[in-house]
Structure formats: structure tokens, C-alpha cells
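Asks: Before I ask anything, let me first share the structure, which is written out below as C-alpha cells.
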Amino acid sequence: MKNSLSQKQAARRILVIIIFCLVGLFVVYSYVSDFLPSAGASPQKKTYSLPAPTPLAGQGVPSALNMGMSAGVPINSLQAPQTAVHVRQFALTAQPARLDLGAGISTAAWTFNGTAPGPTLHVKQGDLLAVTLVNHLSFGVTIHWHGVSVANLADGVAGVTQDAVKPNQSYTYRFIAKDPGTYWYHSHQFSDVETNGGLYGMLIVDPALSTYHADVDYSVALHEWGGDNGQTTLVMNTSAGTLNQAARPGQWVRLRVVETSNTASGAPHLLTLVGAPFQVVALDGHDLHGPQWLRETSLPIGTAQRYDLLFRMPNHNPVALVTTEDNDPHHYLHVPALVFGQGAVPATLPVVSPHWFDLTAYGQPTQDVITPQSHFDAAYSITLNNQQGTSLGRMGMAFTLNGKVFPDTAMIMLKEGQLVTFHFDNQSGLYHPMHLHGHIFTVLAHNGQPLTGSPVHLDTVLVPPHDSYDVAFYANNPGIWMLHCHNFLHANRGMDMMVMYDVTTPYTVGSTSGNFPD
Ligand code: C2O
Ligand code: CU
């Protein structure tokens, strides 16, 4: 009896001690956990919101500006055939979403199908795409197929090739994926707010005859989400942290990178791969000839530009894609990052070399259709600059083409069959990624110096401060096409012009239609 009582007492005592220890542990843990790095959440919690695009009105805003000629081919006749051997149908629904970027940061977003980037459309060269845009947002939206030489009616420019698709309406884009490569799509109604707000995705066109073998084919969109007070968060796809992609030793990896937003300063992000030598096999989707192996070389990427990288997975270490941030271009960040294979981003990252990748001296020369020796039918000089002024009735910094802001910028008139050169002369202290719709530039010269490596074909040429670029293209795609800086802010503040053939359009830009392409 006595014995059993003391046993009970002992058991009770042990129980009390255990409870005491548990409570103690809990108190200590809850105190310490605030300072521990943890996998999922970080102590800082940020939530970004998004202002909706606001229709412009009032003084200085055109009411109904028609970008077409008074006579010529109607734009509605410039479209893809109704049918083809291979038709690919897609549906993209513009809808709001809240995106979890990881690291305790989330943002309101406008998305295609609930994610940003939207779905990657993967097709084969020669396919006819039929993409239906359904708009479940409260404002107008379009889709522009960046870098794709579509027939003009499918170009997706509000007020030029269509009216912005209104809430609860839909619109079908039909075009042939003529050229293989890495492309992307984005809204071209208030593109500044809408694309930055998440209305973008990637389009990959596989070649009919493949040029490079890859076991792993992975795409990354680099995007800077805007905070409410000037704060930004850089992500790769949807992650501000580390993305992981399986790849086994010996496998060939093709990595496609697109820049879908612009930094606050407008300077390009710098990318590199650590862990393996790599080749740049394509720029803006167009293959390079005889690409050399590079090691930790910094690749500058302007808004809308694409790099296709090829590398072989090493036996014993992972390979990581890392990037710099706008306010510190001299150091690569540990996050966001993309890691191929087993392991993590190396603790020590290479320093950013001041010798960036130079597209004018990379790869091997080879014959090309357009060369500096070609006979050109027309030459235009386009000066890039900025100054205080007004654009569409708004005071502030204005970005100019030949001294004018849109819609006062001059038009460039083309005739089908012409071989045309543009001389971009950047007189400003800022970078300008210059983009022409519907055509592909052949790069002729940088600061007057012809290329020494592979021919280079781009849809967006990044013109550094005080530099010049000469490019050329065949006028082989009748329509009304925008030529603009792809820095969304610059385009929004004046840096747009029209390149036209004898084509008429029923659409207008301005307050009556509510169409504002940038
Ligand atoms: Cu990426 Cu005018 O477009
Ligand atoms: Cu610009």
C-alpha cells in the first residue's frame, strides 16, 4: 500500500517535470524562432497592391486619332489564313489573382489564367495559332505577340489593329508561327501598367528541323514587381526565392530567359550561369552562328529581350542562374535564383565583370541575307532623348524620338519590298531597348563598327547611353506597326512612332475609344 502510494507520487512528480520542460521549451522556441532563418516564411511580410490603369482625358489627350492612311489596303484584310494543316487552339483568360512570391511577399496581379507569367504556349514552326482572349478584368486588355512576324490584324495593339477587349468580351488572335524561337506575349493596352501588372507569358516555337539537342528545356521570365513605396521585388517566374529544376549529369540544358519588366533606372539586369560553361545559342529567338563557350560572363538583358543558353550538366555540382539588382549592378544576388540539379546556389558568387557579353563580337561570321554592303532603298535616323515636357497632357519627363513625343512623332512610310535601315542615335544618358513590331532587325553596326562575329537578328535592340546602332530589315509585312522603346515608362511618356505601309484602319487611339497602347 505504502509502496504503491509513493510510486503514484513519483509518477505525478515526473509528469509535472515533463509539463514544465515542455512549457519551457515552447517559451524559449517562440522567443528564438523570430531570429531563426526558416525555409518557408521570412520575418518580413510584404503585400503589394496594384493601381488599375486610368483612362486619359482632358487637354492634350487626343479624342480619336486614326493611325492609318486615308487610302490603301484595309487592315482587316491583313490576316492569317482561316485554316492550316496544324492548328493549335489556346484560351487565355485575363483575370485578377494574388500571387505568393515566396519570402513572405505577395502581390496583387492581373494574370492570364491565374498566374504570371501566364501559360507558356509551346508550338511547332508552321502551326496556325488560334488564341482566344477572354477578359474578366474591369478594364480593356489586348495581347501582342512580341517578336512574332504576325499578319498585322493579329498584332494586338489597342487603337491600331483592334479595340482593346472590354470587360466580359473576348477576341481571337490567329497567326502562323513562321519562325522558330523564344518569344513572349503581353498586353498592349496601357502596356506600362498592364504588363508590369502581370499580363504576360512566353511563346516557344520549336523549329521544324531542330538545330540544337536539349534534354531539358526550361524558360524563365525575369520580372520586377512594384511596391507601393518604390520598393520592388525581383522574381524568376513566380519566385523571389530559389527555383529548382531537375537535370542529371551529362544532360544538355536549354535555358530561355526573357526580361518582362524594366528596372527603375532602366539599366539592364545582368545575368550569368555559375557551375558550368555555356553558350549563347540564340538572341531574341534567332540562332547565332558558331557560338563560343563562355564562363561566368555577364549578359545584359534589356526589357523584352531574350537569351537562349545551352550548357551541359556537370557531374558533381549544380548550375545556377543568378542576376544583379538595379541598385547594385556589381554583385549577383543569391535570390532569386534558378538551380539545375542537386544542391544550392554557391555561397560565394563571381564578381560582375565590367566586360559584358558583346553581341557584336560573338560567334563566327557567316553569310547573311542583309549585310552592310547591301543596297538600301531607304534610311532613317532616329534620335533618342528625354527632357522635361508634356506627353498626352501630363507634365513631367518626356521621352522623345527625333525631338517629339507620341502622338506628335513623325511616321515612317514604307513600300513593300524595300530594304530599310534605321540609325538609332541615343543622345540621352539612359538605356533604350528599341522594338519594331512585325519585322526582324539585322544588326549592321554598333557605334559605326560592323559586327565581327555571328550575324545577329533582333526584334529589340538595346541602345546604351550615348551609343548608336545601325539595323536593317526587309519591308515584307504590310500593316501599321509600332516602333517604340520597350522601357514601359519611356513608351508611356512619348517614345513611340508608327511605321506604315499604305494601310487603313477603322480603329482610333484616344479618349473616345479608350484605346491607349502604352
Ligand atoms: Cu513587346 Cu510594342 O511590344
Ligand atoms: Cu527608352
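The values are calculated or read from the model by the stated rules, or taken from the named source; none is laboratory data. Here the structure is a predicted model, which means the values were calculated and not measured. Here Cβ is always computed from backbone atoms with ideal geometry, including for glycine, and neighbour counts include all displayed protein chains. With ligands, DNA and RNA removed, areas are computed over all heavy atoms of the protein, side chains included. Shrake-Rupley method; radii C 1.70, N 1.55, O 1.52, S 1.80 Å.
Asks: For the chain, just the Cα set please: Rg and Dmax, both in angstrom.
Replies: 26.3, 114
Asks: Return the distance in nm (one decimal) between the two label points of a simple spin-label model at residue 467 and residue 355, each offset 7 Å from Cα along Cα→Cβ.
Replies: Inter-label distance under the simple model: 1.6 nm.
Asks: What list of ³J(HN,Hα) couplings, whole Hz, do you get for segment 173-185 from phi and the Karplus terms 6.51, -1.76, 1.60, once you set θ to phi - 60° and write x for glycine and proline?
Replies: 9, 10, 7, 8, 7, 6, 10, x, x, 9, 10, 8, 10
Asks: As a test of understanding, state the convex hull volume per residue of segment 56-140 from its alpha carbons, in Å³.
Replies: Taking only Cα atoms, segment 56-140 has a hull volume of 181 Å³ per residue.
Asks: Can you tell me, using C-alpha contacts under 8 Å and at least 6 residues apart, the relative contact order of segment 48-185 as a whole percent?
Replies: Once divided by the residue count of segment 48-185, the mean separation gives 26 percent.
Asks: Related question: Can you give me the pair-distance distribution of segment 430-472, C-alpha pairs, 5 Å bins, whole percents?
Replies: Once binned at 5 Å, the Cα pair distances of segment 430-472 give 6, 23, 32, 25, 12, 2.
Asks: Okay, next question. Would you kindly state how much longer the chain becomes between residue 69 and residue 388 on full extension, computed as 0.36 nm times their sequence separation minus their alpha carbon distance, in nm to one decimal?
Replies: My answer for the length gained is 111.7 nm.
Asks: For residue 479, list long-range residues whose amide hydrogen, built 1.01 Å from N in the peptide plane, is under 5 Å from its own amide hydrogen.
Replies: Answer set, sorted by chain and number: 501.
Asks: Just want to confirm a number: the relative contact order over the chain, from Cα pairs under 8 angstrom separated by 6+ residues, in percent.
Replies: 17 percent
Asks: Still on this structure: With +1 assigned to the C-beta of every Lys and Arg and -1 to the C-beta of every Asp and Glu, and no other charges, what is the dipole magnitude of segment 278-352 about the Cα centre in debye, to the nearest 20?
Replies: 280 debye
Asks: Hey, quick one: spin label on residue 366, modelled 7 Å out along Cα-Cβ, who in segment 429-471 has an amide N within reach, i.e. under 20 Å?
Replies: From segment 429-471, the list is 440-445, 451-459.
Asks: Order these peptides, 324-331, 374-381, by their mean beta-carbon neighbour count within 10 angstrom, highest first.
Replies: Listed from highest to lowest mean packing, they are 324-331, 374-381.
Asks: Could you go through segment 294-305 in sequence order and give the Karplus-derived ³J(HN,Hα) for each residue, using 6.51 cos²θ - 1.76 cosθ + 1.60 with θ = phi - 60°, rounded to whole Hz, and x for Gly and Pro?
Replies: Running phi through 6.51 cos²θ - 1.76 cosθ + 1.60 with θ = phi - 60° gives 10, 9, 6, 6, 7, 10, x, 10, x, 3, 5, 7 Hz.
Asks: Taking one equal scatterer on every alpha-carbon of segment 338-377, how large is log10 of I(q)/I(0) by Debye at q = 0.16, 0.31 1/Å?
Replies: Here log10 of I(q) over I(0) equals -0.73, -1.09.
Asks: Which angle between 0 and 90 degrees, to the nearest 10, do you get for helix 2-32 versus the longest principal axis of the chain when only C-alpha atoms count?
Replies: 30 degrees
Asks: If I model segment 111-172 as equal point scatterers sitting on the Cα atoms and use the Debye formula, what is log10 I(q)/I(0) at q = 0.12, 0.17, 0.18 Å⁻¹?
Replies: Results for segment 111-172 at q = 0.12, 0.17, 0.18 Å⁻¹ read -0.31, -0.64, -0.72.
Asks: Could you provide, to the nearest whole Å², the per residue accessible area of segment 112-241 with probe 1.4 Å?
Replies: 29 Å²
Asks: Based on the alpha carbon coordinates of segment 368-465, what radius of gyration and maximum Cα-Cα distance (Dmax) apply, in Å?
Replies: Every Cα atom of segment 368-465 included, Rg and Dmax give 15.0, 45 Å.
Asks: Now for a different question. Roughly how many whole Å is it from the C-alpha centroid of segment 477-494 to that of segment 142-187?
Replies: Segment 477-494 and segment 142-187 have Cα centres spaced 14 Å from each other.
Asks: What percent of all Cα-Cα pairs in segment 302-448 falls into each 10 Å bin, going from 0 up to the bin containing the maximum distance?
Replies: That works out to 8, 25, 28, 23, 13, 3, in percent per bin.
Asks: Grab the Cα-Cα distance for residue 77 and residue 348, subtract it from 0.36 nm times how many residues apart they are, and report the gain in nm with one decimal.
Replies: Net length gain for the segment: 91.8 nm.
Asks: From largest to smallest, what semi-axes in whole angstrom does segment 389-518 give when each is the square root of 5 times an eigenvalue of its alpha carbon gyration tensor?
Replies: Whole-Å semi-axes of the equivalent ellipsoid: 25, 20, 10.
Asks: Could you put 86, 435 in order of accessible surface area, largest first, with the 1.4 Å probe and the full protein assembly present?
Replies: Largest accessible area first, the list is 86, 435.
Asks: Under 8 Å for C-alpha pairs, at least 6 residues apart: give me the relative contact order for segment 166-286, rounded to a whole percent.
Replies: Across segment 166-286, relative contact order equals 26 percent.
Asks: Counting only protein heavy atoms, what percent of the accessible surface of the chain is carbon or sulfur at a 1.4 Å probe?
Replies: 56 percent
Asks: Further question on the same structure: Treat every Asp and Glu Cβ in the chain as -1 and every Lys and Arg Cβ as +1, leave all other atoms uncharged, and give the resulting dipole magnitude about the Cα centre to the nearest 20 debye.
Replies: With Lys and Arg at +1 and Asp and Glu at -1, about 2240 debye.
Asks: May I ask for the Kirkwood hydrodynamic radius of segment 154-257, worked out over all distinct Cα pairs and given in angstroms to one decimal?
Replies: About 16.7 Å, per the Kirkwood formula over Cα pairs.
Asks: Can you tell me the accessible area per residue over segment 369-518, all protein chains present, probe 1.4 angstrom, in square angstrom? List each step's numbers first, then the result.
Replies: Values: 5160 Å² over 150 residues.
About 34 Å² of surface per residue is accessible.
Asks: Something else now. Using only Cα positions of segment 229-355, each an equal point scatterer, no hydration layer, compute I(q)/I(0) via Debye at q = 0.11 Å⁻¹ and quote the log10 values to two decimals.
Replies: Values returned for q = 0.11 Å⁻¹ are -0.36.
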